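Accompanying notes for the structure given below.
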Amino acid sequence: MMSWRKYTIKFALTFCVLGGLFACSSNDSEILEPEEVYTPTPKPLDVPPILERLLPPPSVPVDNPQTVEGIALGKKLFFDPILSGDGTQSCASCHKPDNGFTDNNRFSTGIDGIEGTRNSMPIFNLAWNRDNKFFWDGRATSLEIQALEPVTNPVEMHNSWENAISSLQNHPQYPTLYQEAFGTKTITKELTAKAIAQFERTLISANSPFDKYLLGEGTLTEQELRGFQIFMDESRGDCFHCHGNDNSPLWTDNKFHNNGLDAIITDKGLGNVTGDPNHDGLFKSPSLRNLAYTAPYMHDGRFETLDEVINHYSEGLVYSRTIDPLMKAVSRGGVQLSPSEKADLKAFLLSLSDPSFIANPDFQNIN
Amino acid sequence: MKQITILFIFIFTIVGCSNNDEPETEIVGCTDPTALNYNPAANTDDGSCTYEKNITISFTQNWDGNEISAADLNTTEFVNEAGNLLTIARLRYLISRIALKKDDGSTINFEEYNLVDLSNNDSRTLTLSTPVTTGEYTGISFIYGFSEEDNISGEYRDLNDADWNWPTMLGGGYHFLQLDGTFNDSNGNIQPYNFHNGTARVSDGIFEQNFIAFDFDVDFTISDNATIEINMNISEWFKNPLTWDLNDRSTDLMMNYDAQKDMQRNGKSVFSIGEILQ
């Protein structure tokens, strides 16, 4: 099969060269671009051992395979303010590598100085988001569709795609980079989103102290281990029903829950997307990886510290009609952890943060 | 080529005709070349032809006969045997080791396990990868949850991905059932319940398996691709033999040995075989 293809290509090339020789005098420029023959270099995702061992392979759409050139283009786009209306903001303005690809603001501010209404989401391990529901409310059904939205959102990059594409098309490098990534110099928003999604899928984090402990390559403190027991204990932390466990290493179920934040729901979350009132106030469970870098917390960034988050589940739960039954201690305000249990749980949670992820040179700005 | 073949057959037929005066010996068997047991020598079909067909399992849920679908989640109110008025927010359960028994005494075992999630329609049908042969069958068996030897922590990647694991401190492996919702307690207040079932913890480090093996005698014929319905009557979890009052036991049940074993006891009347369609 491969050798057939090789011969076909060889033959095509020979033909091109011969054709070129004959046509030389009349038409130079057209024949020098063998567009049909070019394919970018495949670059499958590098799966860390703990994810390899416990999870299905990463899911990458068949119409957007990972390639060296596509990832490189996506990375350049991710860090380039060219996509915003006034050339001042890039994806990385609100999704900073140092913050696990979120930022440290409660709400991020767009190019016009207007704040959004939800906390910027961290970006990692997205190729394991098998339900393909992105944003806090799940409204984007693929990473490619997700990547389209911030560019035109009036409180974010506030651009039009027409304008963004025109800027890219007139740029000295981008048309060549699109040619290398996708075999065409004609830039579209779809190709732009595909490249960004390819880069985002490479943002994989699974090298925390807890991962090393699971792999037998590191140890945890007594306090971290006690914290893990609280996490896994249905009558104490009971965190594992939504946030993974030692055999489910994404540390999220990627599902939507009302976790008892408010008596009156003002942001309907998933309910706005599905139109089902039973989904009002439901938001996606975030991963507990990299919490050391991703404060503030919750869909609206209301908690500045992990202590506040733990206090919420311990004694701050509030009833509303759509509260998840897993928030079972709501009538007592929460699971009532002791101060030492809270400290242990916090120590465990921080053992899920991965310094090598935020320091990874492949993920830093090179523009 | 086709024409030559036809011509050849034609000539052969003419020649064969004239030479064949005496009656041919009758050889009975399956004369259909597409059948599994095609007998090229046979000239009289005896109805014995067998074929490979695919089996799909359809997982359905009801409350004492009233079918329950995703649309009932969070909305429909049910009354259990103890009189608790309840709603269902989430129902997921695991079925494994499905097998069909043939009338010749043999058993066809299927490797698949299935995590049914009431909110996800795709999870409610399972097409088995091993085809079966047409013929007479006498039984259907399966396991609710995982058998002790199958219930290995971390072993099943799709179930890990679904966050379906059962804590190591409670014996590990996987959940068998998650039934969550709300009920009106004896004071009329809305309270949550988490009816989760898996391995039972006797004491520190001592665990007791908790799966249920179902073995139904059902006579049926497979003549075509078939869909077999496995039905869960949810009300039975709260009814038979033990009347389960959610006022007494509603949450923190995973580490409660008696609750886990009572669930297993009540679970024995929960499943039945429904329609077999083809």
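The values are calculated or read from the model by the stated rules, or taken from the named source; none is laboratory data. All values derive from a computational prediction rather than experimental measurement. Quick reminder, even Gly has a Cβ in these numbers, built from the backbone with ideal geometry, and neighbours come from all protein chains shown.
Is it the case that A:K255 is of a type in the set (K, R) and facing chain B (nearest Cβ under 9 Å)? For A:K255, the condition - of a type in the set (K, R) and facing chain B (nearest Cβ under 9 Å) - is met. Listed residues A:E162, A:E224; which is farther than 27 Å from B:H196 by Cβ, modelled with pLDDT of 95 or more and more than 14 Å from chain B (Cβ to nearest Cβ)? Only one candidate qualifies: A:E162. In the stretch A:151-269, counting only helices (runs of 4 or more DSSP H) that sit wholly within it, the ones holding 2 or more residues that are under 25 Å from the mean Cα position of the chain (by Cα) span A:161-169, A:174-182, A:189-201, A:209-214, A:240-243.
Select from the stretch B:161-197 the residues that are out of contact with any strand residue (DSSP E or B) (no Cβ under 9 Å at 6 or more places or on another chain) and either of a type in the set (D, E, K, R) or in contact (Cβ under 8 Å) with a residue 24 or more places away in the chain (or both) and list them in ascending order. Give the derivation first.
Quick first cut of the stretch B:161-197, residues out of contact with any strand residue (DSSP E or B) (no Cβ under 9 Å at 6 or more places or on another chain) only: B:186-189.
Matches in the stretch B:161-197: B:S186 only.
The sole residue among A:L168, A:L177 that is closer than 22 Å to A:C91 by Cβ and buried (at least 22 other Cβ atoms within 10 Å of the Cβ) is A:L168.
Residue-wise test of (1) farther than 25 Å from B:K239 by Cβ; (2) more than 14 Å from chain A (Cβ to nearest Cβ).
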position	(1), (2)
B:T75	no, no
B:V79	no, yes
B:Y93	no, yes
B:R97	yes, yes
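Scanning for something within 14 Å of the chain's Cα centre (by Cα) and within 14 Å of another protein chain (Cβ to nearest Cβ), does the stretch B:106-118 turn up at least one residue? Yes - at least one qualifying residue is present in the stretch B:106-118.
Could you list, in sequence order, the residues of the stretch B:27-60 that are over 34 Å from the mean Cα position of the chain (by Cα) and part of a loop (DSSP other than H, G, I, E, B)?
As a first pass, look at the stretch B:27-60 and keep what is over 34 Å from the mean Cα position of the chain (by Cα): B:27-29, B:31, B:39-45.
Answer for the stretch B:27-60, where residues must be over 34 Å from the mean Cα position of the chain (by Cα) and part of a loop (DSSP other than H, G, I, E, B): B:I27, B:T31, B:N39, B:P40, B:A41, B:A42, B:N43.
Look at B:N189 and say whether it is touching a helix residue (DSSP H, G or I) at 6+ places or on another chain (Cβ under 9 Å), facing chain A (nearest Cβ under 10 Å), over 25 Å from B:S141 (Cβ atoms) and surrounded by fewer than 18 Cβ atoms within 10 Å (Cβ to Cβ). Spell out the reasoning first.
Numbers: touching a helix residue (DSSP H, G or I) at 6+ places or on another chain (Cβ under 9 Å): yes; facing chain A (nearest Cβ under 10 Å): yes; over 25 Å from B:S141 (Cβ atoms): yes; surrounded by fewer than 18 Cβ atoms within 10 Å (Cβ to Cβ): yes.
Criteria met by B:N189.
In this structure, does A:N207 turn out to be touching a helix residue (DSSP H, G or I) at 6+ places or on another chain (Cβ under 9 Å) and within 14 Å of chain B (Cβ to nearest Cβ)? Considered against the rule, which asks whether it is touching a helix residue (DSSP H, G or I) at 6+ places or on another chain (Cβ under 9 Å) and within 14 Å of chain B (Cβ to nearest Cβ), A:N207 comes out as no. So, A:I310, is that one assigned to a helix (DSSP H, G or I), within 28 Å of B:S250 (Cβ to Cβ) and not small (G, A, S) or not? Here the answer is yes, as A:I310 does meet what is asked.
Within the stretch A:225-253, track down each residue that is among the polar types (S, T, N, Q) and touching a strand residue (DSSP E or B) at 6+ places or on another chain (Cβ under 7 Å). Break it down into steps so the answer makes sense when it comes.
Step one: filter the stretch A:225-253 for residues among the polar types (S, T, N, Q), giving A:229, A:235, A:245, A:247-248, A:252.
Those that are among the polar types (S, T, N, Q) and touching a strand residue (DSSP E or B) at 6+ places or on another chain (Cβ under 7 Å): A:N245, A:N247, A:S248.
Only one of the numbered conditions (1) closer than 27 Å to A:M232 by Cα; (2) more than 14 Å from chain A (Cβ to nearest Cβ); (3) touching a Gly at 6+ places or on another chain (Cβ under 8 Å) is not met by B:I230, and that is (1). For the stretch A:167-203, the tally of residues that are over 21 Å from A:Y38 (Cα atoms) and of a type in the set (D, E) stands at 1. Applying the set (1) closer than 24 Å to B:L177 by Cβ; (2) in a strand (DSSP E or B) to B:A82 leaves exactly one unmet item: (2). Which residues, taken from the stretch A:234-251, are touching a helix residue (DSSP H, G or I) at 6+ places or on another chain (Cβ under 7 Å), at the interface with another protein chain (Cβ under 8 Å from one of its Cβ atoms) and either free of Cβ contacts under 8 Å to residues at least 40 places away in the same chain or of a type in the set (F, W, Y) (or both)? Within the stretch A:234-251, A:F240, A:N245, A:D246 qualify. If the condition is being surrounded by fewer than 20 Cβ atoms within 10 Å (Cβ to Cβ) and either at positive phi or within 8 Å of chain A (Cβ to nearest Cβ) (or both), then the stretch B:146-160 contributes B:S153, B:R157, B:D158.
One residue stands out among those in the stretch A:131-145 that are in contact (Cβ under 8 Å) with a residue 24 or more places away in the chain and not in a loop (DSSP other than H, G, I, E, B): the one that is surrounded by the fewest Cβ atoms within 10 Å (Cβ to Cβ), which is A:I145. Here the stretch A:323-367 is the region considered, the condition is being within 14 Å of another protein chain (Cβ to nearest Cβ) and exposed (fewer than 13 other Cβ atoms within 10 Å of the Cβ), and the residue that is farthest from A:Y313 (Cα to Cα) is A:R332.
All of (1) within 23 Å of B:T251 (Cα to Cα); (2) surrounded by fewer than 19 Cβ atoms within 10 Å (Cβ to Cβ) hold for A:I264 with one exception: (1). Filtered by the rule that a residue be more than 10 Å from chain A (Cβ to nearest Cβ) and assigned to a loop (DSSP other than H, G, I, E, B), the stretch B:164-184 gives B:G171, B:F176.
To keep it simple, each residue is scored yes or no on (1) exposed (fewer than 14 other Cβ atoms within 10 Å of the Cβ); (2) free of Cβ contacts under 8 Å to residues at least 60 places away in the same chain; (3) closer than 23 Å to B:D150 by Cβ.
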residue	(1), (2), (3)
B:L91	no, no, yes
B:I108	no, yes, yes
B:N114	no, yes, yes
B:T134	no, no, no
